[in-house]
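Every number in this text was worked out from the coordinates using simple rules, so none of it is lab data. These numbers were taken from a predicted model, which means no experiment stands behind them. Neighbour counts are summed over all protein chains in view; Cβ atoms, including those assigned to glycine, are modelled from backbone coordinates with ideal geometry.
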Amino acid sequence: MRTLLHIDASVRKATNPNPDHNSISKRIAMQFVDKWRSAKSTDNYIYRDIGINPPAFIDQDWIGAVFTPDDRKSSEQREKLALSDQLFGELFQADVILISSPMYNYGMPAPLKAWFDQVMRINKTFSFDLSRGDHPIEPILSGKTFILVTSCGEFGFGPGGEREHMNHLGPHVKTLGRYLGVESFYEITSEYQEFGDERHQKSVANALKNAGLLATDLASKE
Ligand SMILES: Cc1cc2nc3c(=O)[nH]c(=O)nc-3n(C[C@H](O)[C@H](O)[C@H](O)COP(=O)(O)O)c2cc1C
């Protein structure tokens with residue numbers, strides 16, 4: 001049995017009284033989940049909507065707690081790390097990580113960055129060893145599959161596109177994924193939301209189709 005961890009990061013809800021306000025990235029991620037679950041109904045599924053319920057930002061006390069050895073942590077420090085421990089536990093269990101995210105200001109939304117800051121834990125997610133020379137950081141986790149679903153208002157953020165150099169969402173998440181133990185990375189994107197034209201309709205339809213196909217394909221692999 002595999003565990004699918006599904007994180008939605010848009011501050012928009014999946015369904016609203018006015019459907020024009022519905023989150024596109026959440027809709028595409030849900031398409032993946034629907035197909036995945038119809039193929040693998042017995043699998044373990046963990047869901048968080050961090051756009052609606054954002055994780056706390058880390059602070060100086062959080063860093064202090066992380067760097068205090070477990071047997072010397074105070075009860076306040078344990079309490080400080082409770083959310084991080086919980087989010088890390090969900091990540092640890094996950095074989096497949098599905099994150100849906102809007103592009104905000106050419107990068108990831110603050111709640112998603114807050115989630116990454118909470119789960120990136122020294123001696124849990126990654127190890128740090130200066131004997132490795134100039135590359136002291138190595139992931140501890142391994143074998144995870146990552147699907148990033150994104151939606152953006154403009155277009156041309158992909159390889160060779162006219163705004164590729166402005167895309168700080170996909171490349172950033174991919175860089176971080178390595179430190180979550182990700183070994184297979186897939187990205188599904190929807191573009192042109194701000195234009196609301198035929199290109200947008202096509203882009204959403206294509207993303208929905210690809211999400212379904214990828215879910216069916218990945219679910220068939222054991
Ligand atoms: C605060 C904010 C910032 C945005 N910044 C960008 C941007 O930098 N580039 C872009 O192409 N679209 C940008 N957009 C458009 C969103 O990426 C687009 O509406 C996307 O569909 C949002 O995802 P969602 O539909 O899942 O909520 C921004 C939208 C908002 C609300």
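Please state the shape class of region 3-219: rounded when a/c is under 1.5, otherwise prolate if a/b exceeds b/c and oblate if not, all from the C-alpha gyration tensor.
Cα axes put region 3-219 in the prolate bin.
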Check: What is region 3-219's relative contact order, in percent, from Cα pairs under 8 angstrom and six or more apart in sequence?
Finding: 24
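By counting other Cβ atoms within 10 Å of each Cβ, how are S75, S151, S203 ranked from fewest to most?
Working: S75 7, S151 26, S203 21.
In order of increasing Cβ crowding within 10 Å: S75, S203, S151.
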Item checked: Order of S38, S25, S84 under a 10 Å beta carbon neighbour criterion, fewest first -> S38, S84, S25
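Among K209, K73, rank each residue by its count of other Cβ atoms within 10 Å, from fewest to most, as a rough exposure measure. Don't skip to the answer; put the middle values down first.
Numbers: K209 13, K73 16.
Fewest-to-most Cβ neighbours within 10 Å comes out as K209, K73.
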Next item on the list: Convert each backbone phi in region 178-195 into a coupling constant with the Karplus relation 6.51 cos²θ - 1.76 cosθ + 1.60 (shift: θ = phi - 60°), then list the ³J(HN,Hα) values in order as whole Hz, x for Gly and Pro.
Entry: 4, 7, 9, x, 7, 10, 10, 10, 10, 10, 10, 10, 10, 10, 6, 3, 5, 8
Notebook entry, point to check: Which net charge results for the neighbourhood of A56, defined as the other residues with beta-carbon distances under 10 angstrom from its beta-carbon, given Lys and Arg at +1 and Asp and Glu at -1?
Noted result: -1
Checklist line | Crossing angle, helix 82-93 versus the chain [Cα axis fit, 0-90 degrees, rounded to tens] | finding: 60
Check: What are the ³J(HN,Hα) values, in whole Hz, obtained from phi via the Karplus relation 6.51 cos²θ - 1.76 cosθ + 1.60 with θ = phi - 60°, for each residue of region 6-20 in sequence order, with x given for Gly and Pro?
Finding: 10, 10, 9, 10, 5, 6, 7, 6, 5, 10, 9, x, 9, x, 5
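Assigning unit charges at the beta carbon (Lys, Arg +1; Asp, Glu -1) and nothing else, what dipole magnitude in debye, to the nearest 20, does the chain show about its Cα centre? Intermediate results must be reported in sequence, preceding the final value.
On the way: 25 positive and 29 negative charges, 87 e Å.
Roughly 420 debye, rounded to the nearest 20.
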Check: Is region 1-69 rounded, prolate or oblate when judged by the Cα gyration tensor, a ≥ b ≥ c being the square roots of its eigenvalues, rounded requiring a/c under 1.5 and prolate requiring a/b larger than b/c?
Finding: oblate
Item checked: Under 5 Å, built H, 5+ apart or other chain: amide partners of L98 -> L5, H6, I7, I147
Margin query: Check which residues have an amide H placed less than 5 Å from Y192's amide H, if you skip close sequence neighbours.
Written below: C152, E154, F155
Checklist line | Candidates I99, I63, I46, ranked by Gaussian network fluctuation over the chain, Cα under 10 Å, top entry | finding: I63
Next item on the list: Evaluate E = 1/(1 + (r/R0)^6) for Y186 and R163, where r is the Cβ-Cβ distance and R0 equals 25 Å; express this FRET efficiency to the nearest 0.05.
Entry: 0.75
Next item on the list: Would you please classify the overall shape of region 1-118 from the alpha carbon gyration tensor, given that a ≥ b ≥ c denote the square roots of the eigenvalues, rounded means a/c under 1.5, and beyond that prolate means a/b larger than b/c while oblate covers the rest?
Entry: oblate
Next item on the list: Kindly write out, for region 201-216 in residue order, the coupling ³J(HN,Hα) from the Karplus curve 6.51 cos²θ - 1.76 cosθ + 1.60 (θ = phi - 60°), rounded to whole Hz, with x marking Gly and Pro.
Entry: 4, 5, 5, 5, 4, 5, 5, 4, 5, 5, 5, x, 5, 5, 4, 5
